[in-house]
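The structure under discussion appears below in the form of structure tokens.
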Amino acid sequence: MLTESQVNEYLTNGFLVVPDFVNEGTIQGMKSRAEEIVRDFNPTTISIFSTKDQSNKTDEYFLESADKVHCFFEQGAFDEQGVLKKSKELSINKIGHALHDLVPEFRDWTRSDEVQGILRCLKYNTPLPVQSMYIFKQPGIGGEVRAHQDSTFLATEPESVVGLWIALEDATLENGCLWACPGSHKHGTHVRFVRDENHAVSFQGEMPQVDKEICTPIVVKKGTLVLLHGSVIHYSQENTSGKSRHAFSVHIVEGTNHYLEDNWLQRSQSFPFIPLYTT
Ligand code: FE2
């Protein structure tokens, strides 16, 4: 599935762009299903996703999403009275975090031969999909996602996170495409997001100053797969355009590595992570 030079590029830069990876039928299936999930979402709980201060915003609704399908609002979705400024459909930041296990359109793609082929090329023995997200990056209010590393949220010993991010719509400079800092994965993970025994979560550590001059915009057509090493520093800017930038991402870890007990995302014994394959 990947050539040797693609694997080397991934190992050197910490990310890799693979155009034309997802077919149109799969894209449309995912988009329609996400639309249905939002339509059926009756917000009794308001939860906002933020990479800036998730620890303050975090609530049980967020933690419980580890094995469910929950919708999270954009930070700027509400006015001062707590009323949505736009329709519900244009106010959701993302759906997470067990789409890859619970929703057929996302499960089938995650477990597809193509995805398995990628993980085999990257030498995973027992790849475990642990988290998935449908990201809307809504027109006008799709917020900035500040520089971070995905291993911050999902630690194994040794580290093993890889993110598979697919563009369901074209990602451009105007609608808030991904940006990544080549080679930044070689310095380990700087911050961890952990939960304590009282289910309180917090960030531990400090992110170094990111030299955005050396970061690369990942402008891609829909259907493109972007592989992101768990320690590569990446971010996206606000979507100031009139167009959304839908994407689906799934995070995979090596199942033979130790999955840390203080990761925010935990599964019960009755609903364990399921490997894509075992070797
Ligand atoms: Fe990320």
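List of remarks:
- Taking residues in the stretch 146-168 that are within 14 Å of Phe15 (Cβ to Cβ), and partners anywhere that are acidic (Asp, Glu) and near the ligand (Cβ under 10 Å from one of its atoms), the pairs with Cβ atoms closer than 8 Å and at least 6 places apart or on different chains are Val161/Asp150; Gly163/Asp150.
- Entry remark, the stretch 3-34: residues being among the acidic types (Asp, Glu) and in contact with a strand residue (DSSP E or B) (Cβ under 6 Å, 6 or more places away or on another chain) number 1 in total.
- The single residue among Ser236, Ser249 that is within 13 Å of the ligand (Cβ to nearest atom) and surrounded by fewer than 22 Cβ atoms within 10 Å (Cβ to Cβ) turns out to be Ser249.
For every residue, the table says whether it meets (1) of a type in the set (Lys, Arg); (2) within 25 Å of Ser244 (Cα to Cα); (3) surrounded by fewer than 17 Cβ atoms within 10 Å (Cβ to Cβ); (4) touching a strand residue (DSSP E or B) at 6+ places or on another chain (Cβ under 7 Å).
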residue: Pro158; (1), (2), (3), (4): no, no, yes, no
residue: Gly188; (1), (2), (3), (4): no, no, yes, no
residue: Arg195; (1), (2), (3), (4): yes, no, no, yes
residue: Ala200; (1), (2), (3), (4): no, no, yes, no
residue: Met207; (1), (2), (3), (4): no, no, yes, yes
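- The stretch 240-262: number of residues that are touching a Phe, Trp or Tyr at 6+ places or on another chain (Cβ under 9 Å) and more than 25 Å from Met1 (Cβ to Cβ): 3
- Residues that are within 12 Å of the ligand (Cβ to nearest atom) and closer than 12 Å to Leu260 by Cα within the stretch 143-157 comprise Ser151, Thr152, Phe153, Leu154, listed in sequence order.
- Among (1) closer than 24 Å to Thr216 by Cα; (2) free of Cβ contacts under 8 Å to residues at least 24 places away in the same chain; (3) not basic (Lys, Arg) - the single one Gly142 does not satisfy: (2)
- The stretch 111-144: number of residues that are closer than 30 Å to Gln209 by Cα, assigned to a loop (DSSP other than H, G, I, E, B) and of a type in the set (S, T, N, Q): 1
- Checking each residue in the stretch 25-56 for being away from the ligand (no atom under 16 Å from the Cβ), within 18 Å of the chain's Cα centre (by Cα) and modelled with pLDDT under 95 picks out Ser47, Ile48, Asp53, Ser55.
- Within the set Thr216, Thr278, Thr172, Thr256, the sole residue that is over 16 Å from Thr152 (Cα atoms), loosely packed, with under 13 Cβ neighbours inside 10 Å, out of contact with any helix residue (DSSP H, G or I) (no Cβ under 7 Å at 6 or more places or on another chain) and polar (S, T, N, Q) turns out to be Thr278.
- Val232 vs. criteria touching a helix residue (DSSP H, G or I) at 6+ places or on another chain (Cβ under 7 Å) and not polar (S, T, N, Q): yes
- Unique match (being farther than 30 Å from Phe271 by Cβ and not small (Gly, Ala, Ser)) among Pro127, Pro158, Pro182: Pro182
The values are calculated or read from the model by the stated rules, or taken from the named source; none is laboratory data. Source: prediction; values computed, not measured. Reconstructed Cβ throughout: ideal geometry from the backbone, glycine too, with neighbour counts over all protein chains shown.
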